[in-house]
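I have placed the structure first, in the form of structure tokens, so that the comments after it can refer back to it.
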Amino acid sequence: MAKGEPACSQPAVIKPKLVALPFKDVEQQEKVLEVEVEAVDYTVRAQWLRAAVLGANDGLLSTASLMMGVGAVRTDVKTMILTGIAGLVAGACSMAIGEFVSVYSQRDIEVAQMDRDQGKEGIKKEKLPSPVRAAAASAVAFAVGALVPLIGAAFVRDYKVRLGVIVMVVSLALLGFGALGAVLGKAPPVKSSVRVLLGGWLAMGVTFGLTKLVGSVGL
């Protein structure tokens, strides 16, 4: 190299830098996993809540339609109330028995599968669905819905006013149940509520009209 000539600079060597994952990040990942597990548990609870809402809606609509049908041919309040009570008891028992048999069948299938998968970790029979609890929840939900038209009609003596009160309280309850079921099912609440309301009006109207027709021909 000649004197006074500038020295050539050596190229810089970039060494890879190893970055250790902080322990806080690991804890954060564990928290995210815990949140995901809690979200799954919430989804399961939401399914049960939605089933309870649907059961209450069934109790509401079937009992109200039954009372409207009898009210088409009988104007006294005692007959209508007794009809509603009979519908409540019969419907709650029917829902409870049906849910008990259904869940028990599902439980038997899951137990049989667990017996075939013995030795695997994480299998706990304590987490299986309870047929008794499912039956009780269905019966209670149905009864809660059925009480709405019964309470609405119990204190009204005038025939036409009583029919109007039943339609009014049932309509409000249908809107509420429809909106709640939509929220739990992640559906648009307005459309769901209107759909449930129109379906309820149709059921009560058809029951009232057909019963009135049958009563008018003297059958």
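Quick note: the coordinates plus some simple rules give every number you see, no bench work behind them. Please read these numbers as outputs of a predicted model, since none were measured by experiment. Here Cβ is always computed from backbone atoms with ideal geometry, including for glycine, and neighbour counts include all displayed protein chains.
Only one residue of ILE109, ALA187, SER216 has its Cα farthest out toward the positive end of the dipole of the range 80-219, where Lys and Arg carry +1 and Asp and Glu -1 on Cβ, and that residue is SER216.
How much of the pair distance distribution for the range 110-207 lies past 23 Å, counting alpha-carbon pairs only, in percent? In whole percent, the share of Cα-Cα pairs in the range 110-207 beyond 23 Å is 50.
Qualifying trypsin sites (Lys or Arg not before Pro) in the range 153-219, where qualification requires a DSSP coil assignment and no more than 14 other C-beta atoms within 10 Å, comprise ARG157, LYS186. Only Cα pairs under 8 Å and 6+ residues apart enter the sum, and on that basis the relative contact order of the range 75-173 stands at 41 percent. When you work out D = kT/(6 pi eta Rh) for the range 163-210 at 25 °C and 0.890 mPa s, using the Kirkwood radius from C-alpha pairs as Rh and the Stokes-Einstein form, the result is 224 µm²/s.
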